[in-house]
1. Do we have Gly19 as closer than 30 Å to Ser145 by Cβ and loosely packed, with under 13 Cβ neighbours inside 10 Å here?
2. Are there any pairs, at least 6 apart or on different chains, whose C-beta atoms fall under 8 Å, with the first in the stretch 47-62 and free of Cβ contacts under 8 Å to residues at least 40 places away in the same chain and the second in a loop (DSSP other than H, G, I, E, B) and of a type outside the set (A, V, I, L, M), and if so, which?
3. Would you call Arg3 of a type in the set (Lys, Arg), touching a residue at least 40 places away in the same chain (Cβ under 8 Å) and within 19 Å of Thr119 (Cβ to Cβ)?
4. Only one of (1) buried (at least 16 other Cβ atoms within 10 Å of the Cβ); (2) touching a Phe, Trp or Tyr at 6+ places or on another chain (Cβ under 7 Å); (3) closer than 21 Å to Thr91 by Cα fails for Pro10. Which number is that?
5. In this structure, is Arg102 part of a helix (DSSP H, G or I), out of contact with any Ser or Thr (no Cβ under 7 Å at 6 or more places or on another chain) and within 15 Å of ligand 2 (Cβ to nearest atom)?
6. For the stretch 78-95, enumerate the residues that are assigned to a helix (DSSP H, G or I) and under 14 Å from Ser11 (Cβ atoms).
7. Could you list all residues from the stretch 83-106 that are away from ligand 1 (no atom under 13 Å from the Cβ) and either closer than 23 Å to Ala50 by Cβ or over 16 Å from the mean Cα position of the chain (by Cα) (or both)?
Amino acid sequence: MERTLIIIKPSAVKRDLIGEIIHRFEIKGLQLCGLKMMQLDDKILNEHYAHLKEKPFFQRIKTSMMATPVIVCCWKGVDVVNLVRRMVGPTNGRDAALGTIRGDYSVSVQENIIHASDTVENAEIEIRRFFRTEELYDFEQLNPSVLYAEYEK
Ligand code: IDP
Ligand code: MG
């Protein structure tokens with residue numbers, strides 16, 4: 001099964017939305033594989049946001065991501081990368097539909113509450129960037145036959 005990486009950004013941590021956001025993924029039926037609080041620094045953000053390094057807002061998003069510790073978590077499920085991106089919504093919280101995490105909790109393009117990996121390949125790179133192997137767990141949280149039909153797994 002696929003895995004994806006979520007970062008609950010300082011814009012959510014400052015507003016006490018950590019539990020609310022984690023709850024959404026839990027009740028959807030995704031399996032938690034890893035979870036921790038960490039303070040991001042310039043080095044890890046230069047890697048994580050390398051695709052934005054020429055943008056005028058590059059330093060601003062890095063500063064914003066270092067404003068408080070963040071929560072990083074890894075979730076597992078069938079097609080979980082795309083599923084989570086759809087649960088998160090588009091980058092700009094003002095464009096995101098109600099019912100998505102950004103649509104429900106954000107009014108900003110920068111302070112948009114949450115990061116989610118955008119492709120399966122990037123998800124594995126990001127999981128390795130933020131977690132050591134021994135910090136990730138693979139266990140049967142719920143009998144998968146409760147969550148999926150046999151042929152979907
Ligand atoms: P994504 O988070 O939806 O994948 P990316 O394009 O990868 O969007 O951008 C990473 C982060 O950079 C966004 O989540 C947002 O916080 C910030 N960002 C993206 N575009 C802008 C912008 O035009 N102005 C300010 N911040 C932006
Ligand atoms: Mg992105």
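The numbers here are math on the coordinates, done by the rules we state, and not lab data. Please read these numbers as outputs of a predicted model, since none were measured by experiment. With ideal geometry, Cβ positions are generated from the backbone for all residues, glycine too; neighbour counts draw on all protein chains shown.
1. Numbers: closer than 30 Å to Ser145 by Cβ: yes; loosely packed, with under 13 Cβ neighbours inside 10 Å: yes.
Yes, satisfied.
2. Phe58/Tyr49; Lys62/Tyr49
3. On the way: of a type in the set (Lys, Arg): yes; touching a residue at least 40 places away in the same chain (Cβ under 8 Å): yes; within 19 Å of Thr119 (Cβ to Cβ): yes.
Judged against the criteria, Arg3 is a match.
4. With (1) buried (at least 16 other Cβ atoms within 10 Å of the Cβ); (2) touching a Phe, Trp or Tyr at 6+ places or on another chain (Cβ under 7 Å); (3) closer than 21 Å to Thr91 by Cα applied to Pro10, the lone miss is (2).
5. Values: part of a helix (DSSP H, G or I): yes; out of contact with any Ser or Thr (no Cβ under 7 Å at 6 or more places or on another chain): yes; within 15 Å of ligand 2 (Cβ to nearest atom): yes.
Considered against the rule, which asks whether it is part of a helix (DSSP H, G or I), out of contact with any Ser or Thr (no Cβ under 7 Å at 6 or more places or on another chain) and within 15 Å of ligand 2 (Cβ to nearest atom), Arg102 comes out as yes.
6. From the stretch 78-95, those assigned to a helix (DSSP H, G or I) are 80-88; that's our starting set.
The answer is Val88, and nothing else.
7. Ala97, Leu98, Gly99
Okay, residues lined up against (1) touching a Lys or Arg at 6+ places or on another chain (Cβ under 6 Å); (2) closer than 14 Å to Ile7 by Cβ; (3) of a type in the set (A, V, I, L, M):
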residue	(1), (2), (3)
Asn46	no, no, no
Phe58	no, no, no
Met66	no, yes, yes
Cys73	no, yes, no
Val81	no, no, yes
